[in-house]
1. In region 206-254, which chymotrypsin sites (Phe, Trp or Tyr not before Pro) are in a loop and have at most 16 other Cβ atoms within 10 Å, using DSSP for the loop call?
2. Hydropathy at least -1.0 by Kyte-Doolittle, axial extent at least 18 angstrom from the Cα trace: which helices of the chain, defined as entire DSSP H runs, fit?
3. Highest first, please rank the peptides 159-171, 9-21 by the mean number of other Cβ atoms sitting within 10 Å of their residues.
4. Quote the FRET efficiency, to the nearest 0.05, computed for GLU48 versus GLU274 with a Förster distance R0 of 35 Å and r equal to the Cβ-Cβ distance.
5. Pull out the extension gain between GLU70 and LYS356, defined as 0.36 nm times the separation in residues minus the alpha carbon to alpha carbon distance; nm, one decimal.
6. Along Cα→Cβ, 7 Å out, is where each label goes; now give me the distance between the ones at ASN82 and LYS335 in nm to one decimal.
7. Give, rounded to the nearest 20 debye, the magnitude of the charge dipole that region 4-125 has about its Cα centre when Lys and Arg contribute +1 at Cβ and Asp and Glu contribute -1 at Cβ.
8. For the pair PHE29/ARG57, report the inter-label distance in nm, with labels modelled 7 Å from Cα in the Cβ direction.
Amino acid sequence: MKTIDMLREERMKKLEKLKKLGHNPYPSFSGKKNTIAEVRQQMEKEAEVVGKIYSVRGHGKLVFADIKDETEKIQLMCKVDNIDPKYFDLVELIDVGDYVWAKGTVTKTIKGEISLLVKELRFLSKSLHPLPEKWHGLKDVEERYRQRYVDLLVNPEVKNIFLTRSKVVTLLRTFLDKNGFLEVETPILQPLYGGASAKPFTTHHNAHDINLYLRISNELYLKRLIVGGFEKVYEMGRDFRNEGMSRAHNPEFSMLEFYWAYADYETLMKFTEEMFKYVIEEIKGDLKITFKEKVYDFSSPWKRITYKDLIQQHTGIDIDKVTTETQLKTALKEKGLLDDNSIIGYRNLLDIAYKKHVRPNLEGPLFITDYPVDMKPLAKRIESDSTKSASFQLLVAGEELINAYNELNDPQDQKKRWEEEMEMGKKGADDYQVLDEDYIRALEYGMPPTAGWGLGIDRFVALLTDQHTIKDVIFFPTMKPENG
């Protein structure tokens, strides 16, 4: 059996032969006239096709090759008595993976297969690396992510996933545009990271000699625009968090965030149902999604439950009575729900308990509402209960898709909460938010009552396409170097 190196060497020899015959194996080209799908409808007419070769059969005076573009494939039939002699020498140099241009007459073989009876042939790009015959197995899964270009070539279903992703993004934008939102762009490089509790990536700007951070969220800059007089803004973009990897996490990920002046989180829950119904019906044809062999029905209204009730149902702890870090740590240990003494802060203890013992049992679509204020440092308090935030998360299949809340627009309360976050960081907490004095100044100019909302695009697309890791819906997920 020939090795990859041996096959590559054979192709290198063909490359050199092409050059000796006076043919440029990598010419510029402008002039694609028709797609292969269109050509297949032009029986007995002369036509031209361009595309990639996926198989080669036969030899000598009759060679067949399958050529494919984005739309379809067609068989090339190269007969020595039909093709111009100056092109027939090229036929023997064709390999799977080559890009070629061919001109001829659309016909059918004796077996009834639509083919192009070739008269002229040109190479557009000579392939030097053979495509794999099979692309499966644990080792190959890693190779698929590293060499997505090959994965897309040999697995049509993978390409369909990314076509769906593109359509989802377009539909989300269309829905927001139709509802009066303005798409904007905010800085990715920021002098101070904020808008979430996460570790940032740090870089350096040489001209100013300053450290900058890749944003962990769009939130604070989008809300500055609300302060500046815009009432409905959104941004579709990349965020970056220097955190661990999992099937639901990638250090670089796509987020959609919008902010809506004079709206509240109740309004956003209804708006979310409308948005999801619009997207899901366009993608799936109805409101049902199959994910991990389970069907999820997105017909409204969706179930709602408060965070307090959820915690009490699954852990037996009443967070209205267990209100301090010490009390919560004791209660979790007594119930056998905590085995890590290094966790710092009431919020982090509660979050760990939720993620380990509550969230895996949830299906959805489910709105979890009214989180403790400690867990939402940027959210407004509920007026009837100052210990709870006017907030919700949308959960489906045990994964959080959306985080939303009434935005805190009291500059004094916001500053105090950030100072408390910084104190938690001094005590050793891994994830905490930092004080942004410029944002506080912005709030002091006045921000109207506003509700904000963020959706993880990668997780949403994974749900819609029944992919069990977001690596399968990100073209090039973050990977260790091959030799690292």
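1. PHE230
2. 156-178, 265-284
3. My ranking of the peptides, most packed first, is 159-171, 9-21.
4. Approximately 0.15, to the nearest 0.05.
5. Contour length minus Cα-Cα distance gives 98.5 nm.
6. About 7.5 nm separates the two model spin labels.
7. So the dipole magnitude of region 4-125 works out to roughly 140 debye.
8. 2.3
Rule-based calculations on the coordinates, nothing more; no lab input. Predicted model only: the values in this text are computed from it and were never measured. Neighbour counts run over all protein chains shown; Cβ positions are idealised from the backbone, glycine included.
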